[in-house]
1. Only one of (1) within 29 Å of P185 (Cα to Cα); (2) surrounded by fewer than 22 Cβ atoms within 10 Å (Cβ to Cβ); (3) not β-branched (V, I, T) is not met by A54, so which one is it?
2. Check whether at least one residue in region 93-116 is at negative phi, buried (at least 18 other Cβ atoms within 10 Å of the Cβ) and of a type in the set (K, R), and report yes or no.
3. For region 1-35, which residues satisfy the criterion of being surrounded by fewer than 23 Cβ atoms within 10 Å (Cβ to Cβ), touching a residue at least 40 places away in the same chain (Cβ under 8 Å) and aliphatic (A, V, I, L, M)?
4. If a residue has to be over 21 Å from H95 (Cα atoms) and in contact (Cβ under 8 Å) with a residue 40 or more places away in the chain to count, how many in region 105-132 make the cut?
5. How about region 187-203: which of its residues are in contact with a strand residue (DSSP E or B) (Cβ under 9 Å, 6 or more places away or on another chain) and not β-branched (V, I, T)?
6. List the helices (runs of 4 or more DSSP H) that sit entirely inside region 115-180 and contain at least 2 residues that are hydrophobic (A, V, I, L, M, F, W, C), modelled with pLDDT of 95 or more and within 21 Å of C6 (Cα to Cα).
7. So, of the residues in region 83-123 that are farther than 25 Å from V33 by Cα and of a type in the set (A, V, I, L, M), which turns out to be farthest from the chain's Cα centre (by Cα)?
Amino acid sequence: MKTILCYGDSLTWGYDAEGPGRHSHGDRWPSVVADQLSGRARIIPEGLNGRTTAYDDHLAPADRNGARVLPTMLASHEPIDIVVLALGTNDLKAHTGGGTAFQAAAGVGRLISIVREFRSTFGFGCPEIVIMSPPALVPTDNPDFRDMFGGAIAESQKLKAAYARIALQERCAHVAASDHCAATPLDGVDLDADNTRSLGLAIASALKTLV
C-alpha cells in the first residue's frame with residue numbers, strides 16, 4: 001500500500017469561506033482521494049492556511065514557509081511513496097515576498113528539489129511527485145481577501161501554464177485545479193464543498209496511475 005503526503009495550504013486544510021470555518025472531513029480533497037484510493041494508499045493530509053511555497057509570512061503565528069517545513073514533514077512521515085505539492089496561491093500576496101505566478105512556480109521548483117534531495121536516515125527511496133497548480137482567483141466583495149491579494153487575479157490566471165512548464169522540466173505529473181474547480185466569490189480564493197470534492201476526484205485520477 002502506498003503512502004501519499006498531501007502538502008498544501010487552505011485548499012488542502014479545507015477552509016470553508018461560508019463559515020468561516022472548515023469543511024467536514026469527508027468534503028476535504030485529501031479525504032476524497034483516500035476514498036477513491038481505498039485499499040491502495042494511505043493519505044497524509046498536511047494542509048496549513050496561508051502556507052507559501054518558499055516565502056516567509058512574518059504576520060502569521062505559525063511558520064508558513066513551505067520550503068523550510070517540508071524536510072521535517074518528509075522525515076516525520078517516511079517512508080513516503082508520493083508527495084502531492086499543492087501550493088502557490090499564497091505566493092500571490094505581495095507581503096510574502098512573492099507576488100507573481102513566476103515566483104510561485106519557482107517556489108514549486110524549489111520544493112521539488114527538496115523532495116528529491118532529501119536524504120532518508122533509513123535509506124528509503126525518493127517519493128514520486130505530483131504538482132497541483134491552484135485555481136485562479138475570482139472577484140470578491142470580501143474586503144480583507146480583496147486587499148490581501150492586491151488584485152492578483154491576472155497573475156493567478158498564469159499559474160496553470162507556469163506549473164505546466166515546471167512539470168515538463170522536472171518530469172513530474174501536473175494537475176491543473178482550474179480545469180476541475182473554481183474559487184468561491186465569498187473570498188475569491190478558497191473552494192466550496194462541491195469544488196473541493198471535484199478537486200479531490202481530479203487528483204485521485206492522476207494518482208491512480210502511480211499506485
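The values are calculated or read from the model by the stated rules, or taken from the named source; none is laboratory data. Worth saying up front: this structure is predicted, and the values here are computed from it rather than measured. Please note: Cβ atoms are built from the backbone with ideal geometry, for glycine as well, and neighbour counts cover all protein chains shown.
1. Among (1) within 29 Å of P185 (Cα to Cα); (2) surrounded by fewer than 22 Cβ atoms within 10 Å (Cβ to Cβ); (3) not β-branched (V, I, T), the lone unmet condition for A54 is (2).
2. Yes, some residue in region 93-116 is at negative phi, buried (at least 18 other Cβ atoms within 10 Å of the Cβ) and of a type in the set (K, R).
3. Scanning region 1-35 gives M1, A17, V32.
4. Let us first name the residues in region 105-132 that are over 21 Å from H95 (Cα atoms), namely 112-132.
Subsequent filtering for residues that are in contact (Cβ under 8 Å) with a residue 40 or more places away in the chain retains 112, 114-115, 118, 120-122, 124-125, 127-132.
Total satisfying the criteria: 15.
5. Answer for region 187-203, where residues must be in contact with a strand residue (DSSP E or B) (Cβ under 9 Å, 6 or more places away or on another chain) and not β-branched (V, I, T): D187, D190, L191, D192, A193, L199, A202.
6. Numbers: elements: 143-149, 153-156, 159-170.
Ranges flagged: 159-170.
7. Within region 83-123, the match that is farthest from the chain's Cα centre (by Cα) is A94.
Quick grid of which residues meet (1) touching a Lys or Arg at 6+ places or on another chain (Cβ under 6 Å); (2) of a type in the set (A, V, I, L, M):
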position: I80; (1), (2): no, yes
position: V84; (1), (2): no, yes
position: K93; (1), (2): no, no
position: A101; (1), (2): yes, yes
position: G107; (1), (2): no, no
position: C126; (1), (2): yes, no
position: P143; (1), (2): no, no
position: A162; (1), (2): no, yes
position: A167; (1), (2): no, yes
